[in-house]
Amino acid sequence: MSAEQDEKIVEAARANNLANFSSYLERMLDELFIDRMEGNEEIFSRVMTDKQFRAAAHEHLASEIFRRAQKADPVE
């Protein structure tokens, strides 16, 4: 399941501003990456060990998920 399909993440994006959602997503990031690790071991390893890369990935993901969740129909 992608982050955009995770009901809790989508609800958090819709209920918060980008800054608050970004803080929430930071706490969820490890779980999201672990769920998607299979077949992406190199990226997973880099995210877990390279703080600058992780920060860039987090910023991009937070913005994209937030933007898409704001546009999407409510989660049923």
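Points worth noting:
- Filter result (at pLDDT below 85, hydrophobic (A, V, I, L, M, F, W, C) and within 10 Å of the chain's Cα centre (by Cα)) within the range 1-43: ALA3, LEU29, LEU32, PHE33
- The range 1-41 - residue that is assigned to a helix (DSSP H, G or I) and among the small types (Gly, Ala, Ser) and, of those, surrounded by the fewest Cβ atoms within 10 Å (Cβ to Cβ): ALA19
- Yes/no for ARG27 being among the basic types (Lys, Arg), over 16 Å from ALA62 (Cβ atoms) and out of contact with any Cys (no Cβ under 9 Å at 6 or more places or on another chain): no
The values are calculated or read from the model by the stated rules, or taken from the named source; none is laboratory data. Predicted model only: the values in this text are computed from it and were never measured. For neighbour counting, all protein chains shown are included, and Cβ atoms are generated from backbone atoms with ideal geometry for every residue, glycine included.
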